[in-house]
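Colleague: Attaching a single structure in structure tokens format; questions to follow.
The values are calculated or read from the model by the stated rules, or taken from the named source; none is laboratory data. None of these values were measured; they are calculated from a predicted model. Positions of Cβ are generated from backbone atoms using ideal geometry, with glycine treated the same way; all protein chains shown enter the neighbour counts.
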Amino acid sequence: MNHIELFSGCGGLSLGLAKAGFELTFANELSPMAAETFAYNLLNEDLTGLAEQGQKSEKVFWLSSQYADLTNRLRENPFEYPALGKGVTDISSDHQKLNGSLLVGNIIHLNQLLEANPQLLKEIKDGFKSGDIDLVSGGPPCQSFSLAGLRKKDCDKNLLPWEFAKFVGMVEPKLVILENVSGILRPFNEDGVKYYAWFEVAKAFAEQGYIPLCLHVNARLAGVPQNRPRFIMIAIRKDIFSNISHSLNDYETRLLNPCLDLFKNIQAGIAVDIKDYRCYDVNISNDLDLFRNSFLAPLVGDEEVSVKMAIHDLCLTKKSKKSLYVQQLNEKFESVLGKAKSIPNHIPRNNSELVKRRFRVYQVLQKCSQKTRKQVFSILKGEVDHLSNSEWEELKKYKFVSLEGKYIHFNSKESFTSYLKEHPTKKRSQRALDEYQPAPAALSIPDDACHYDSRELRTLTVREMARIQSFPDAFEFRAKVTTGGTMRRSEVPQYTQVGNAVPPLLGVKLGSIISQILKRRAPKSKNR
């Protein structure tokens with residue numbers, strides 16, 4: 001099986017698909033920082049090392065850059081790539097060189113390249129002589145769909161799923177996977193009109209000749225130690241759907257009938273209403289039953305994994321053995337990446353003593369009632385200046401870190417309240433992890449969460465966040481560790497690469513679903 005990966009990021013989904021038996025035809029990624037990590041792990045190329053030696057990559061090609069040298073390209077602002085024909089390009093007439101490569105650049109430029117070069121498009125559709133494309137997959141950037149984002153219909157980033165659909169329409173793979181934040185399911189409300197982005201995306205793929213199956217899943221049900229809800233669309237080319245229809249059981253028929261109706265109406269030019277179509281949700285019991293009894297079963301079949309199982313052996317203050325989860329995670333991907341020779345990307349960030357003391361407060365609050373948490377945070381934010389007796393009764397049994405660095409109990413409500421006022425913060429989302437639960441969904445920057453262990457008064461390292469995202473230790477993140485200020489608009493450092501990635505274990509599950517669908521085709525069928 002082969003696949004093309006769009007919006008590949010650092011390579012989480014590609015890693016999972018490789019383990020599921022898919023061979024990379026080529027990938028496309030906008031950010032040179034994320035591309036450096038992808039190349040290092042999945043193409044076995046050290047771009048920084050090549051740049052230092054003044055050499056060029058043999059597997060990573062720029063669609064259009066301001067620079068000819070690799071050193072400047074790795075630092076280039078991806079939103080300043082020149083238009084096609086205006087910059088330096090690595091795309092030559094020898095298209096076979098692109099097989100198994102990473103194309104760095106804007107997907108709009110990629111689509112323009114294919115439109116202007118029919119021979120290249122033909123060779124891509126033929127998988128560079130390996131057979132037509134089985135799968136195109138990817139996760140378009142999600143900031144404008146996220147509940148934390150702009151939530152605007154006409155944001156430029158909302159165009160990217162449609163560029164994805166345009167690419168699919170040209171390349172005509174057998175199947176498609178599109179991944180996005182679950183915020184895409186929430187309607188935009190502009191001028192009193194509701195706009196359902198996920199529904200519009202489904203219609204766009206139906207227009208291209210695909211039956212779209214829309215899902216609301218959670219990576220924690222696929223064995224990832226993170227509560228990570230996601231929108232997944234699996235789109236099946238119409239002739240492939242016809243070919244596997246004989247194999248559908250009753251549950252799968254119930255899943256796909258509304259999708260087929262949408263496709264037929266779109267193809268016939270008949271107006272469709274969201275009331276006649278739906279996104280199946282693992283949080284709804286009847287839908288969960290459909291998942292469990294269909295080809296979607298891999299998405300819901302695993303036991304939950306706690307944060308402690310994922311990262312406890314990485315504690316800096318004491319040694320402990322790797323959990324069974326970590327051992328199996330590393331073993332699973334050995335066939336793709338080899339064995340980990342060390343634990344890369346595990347360097348703690350520096351925090352002041354005041355911040356460390358505040359982290360201890362967060363750790364205690366993780367064990368307290370919601371009412372107590374709310375009141376303490378109100379004091380930390382300067383919104384109130386007192387603590388009620390009932391909340392004090394809950395808090396006084398715990399130890400906190402004194403100004404001298406010792407763990408102490410406070411003797412009075414007044415002294416503890418004064419202590420809280422000495423540790424103000426404006427952060428609203430920061431919290432301590434619950435060691436017995438999967439991690440929360442919002443983990444993409446160092447300040448999102450602090451460690452659960454009282455001896456580990458710190459934020460998570462890149463490696464710890466990678467473990468929570470189900471990356472094996474043999475996967476090494478490249479480029480700068482983090483960034484800030486206006487640079488966040490264009491840079492994708494290691495923490496962001498981890499947070500934006502599709503968890504590799506989820507990628508394996510998705511790959512197994514696609515593989516199962518492909519194997520259901522009648523043995524004597526012909527491609528269209």
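Colleague: If a residue must be assigned to a helix (DSSP H, G or I) and either without any contact (Cβ under 8 Å) to a residue 24 or more places away in the chain or in contact with a Phe, Trp or Tyr (Cβ under 8 Å, 6 or more places away or on another chain) (or both), how many such residues does the stretch 41-79 contain?
Modeller: Of the residues in that region, 10 qualify.
Colleague: Among the helices (runs of 4 or more DSSP H) confined wholly to the stretch 357-462, which include 1 or more residues that are exposed (fewer than 13 other Cβ atoms within 10 Å of the Cβ), under 38 Å from the mean Cα position of the chain (by Cα) and of a type outside the set (Val, Ile, Thr)?
Modeller: Because the criterion is at least 1 residues that are exposed (fewer than 13 other Cβ atoms within 10 Å of the Cβ), under 38 Å from the mean Cα position of the chain (by Cα) and of a type outside the set (Val, Ile, Thr), the helices (runs of 4 or more DSSP H) in the stretch 357-462 that meet it are 370-380, 413-421.
Colleague: Evaluate the stretch 494-508: report whether one residue or more is in contact with a Phe, Trp or Tyr (Cβ under 9 Å, 6 or more places away or on another chain), in contact (Cβ under 8 Å) with a residue 24 or more places away in the chain and over 21 Å from PHE231 (Cβ atoms).
Modeller: Looking for residues that are in contact with a Phe, Trp or Tyr (Cβ under 9 Å, 6 or more places away or on another chain), in contact (Cβ under 8 Å) with a residue 24 or more places away in the chain and over 21 Å from PHE231 (Cβ atoms), one finds at least one in the stretch 494-508, hence yes.
Colleague: Here is a further query. Given the residues ARG254, ARG230, ARG220, which is the only one that is assigned to a strand (DSSP E or B), assigned by TED's automatic domain parsing to the domain that holds GLY169 and among the charged types (D, E, K, R)?
Modeller: ARG230
Colleague: Tell me the residue from ALA68, ALA51, ALA35 that is buried (at least 24 other Cβ atoms within 10 Å of the Cβ), in the same structural domain as LEU120 (by TED's automatic domain parsing) and not basic (Lys, Arg), please.
Modeller: ALA35
Colleague: If the Cβ limit is 8 Å and pairs must be 6+ apart or interchain, which residue in the stretch 285-300 that is in contact (Cβ under 8 Å) with a residue 24 or more places away in the chain and among the β-branched types (Val, Ile, Thr) pairs with which residue that is buried (at least 20 other Cβ atoms within 10 Å of the Cβ) and in a helix (DSSP H, G or I)?
Modeller: That search, which allows pairs on different chains as well, returns VAL300/LEU221; VAL300/ALA222; VAL300/PHE291.
Colleague: Can you report the number of residues in the stretch 200-213 which are out of contact with any Leu (no Cβ under 9 Å at 6 or more places or on another chain) and either closer than 25 Å to LYS519 by Cα or touching a residue at least 24 places away in the same chain (Cβ under 8 Å) (or both)? Before the answer, list the steps.
Modeller: If we filter the stretch 200-213 for residues that are out of contact with any Leu (no Cβ under 9 Å at 6 or more places or on another chain), which is where we start, we get 200, 204, 207-209.
Checking which are either closer than 25 Å to LYS519 by Cα or touching a residue at least 24 places away in the same chain (Cβ under 8 Å) (or both) leaves us with 204, 207-209.
Residues meeting the conditions: 4.
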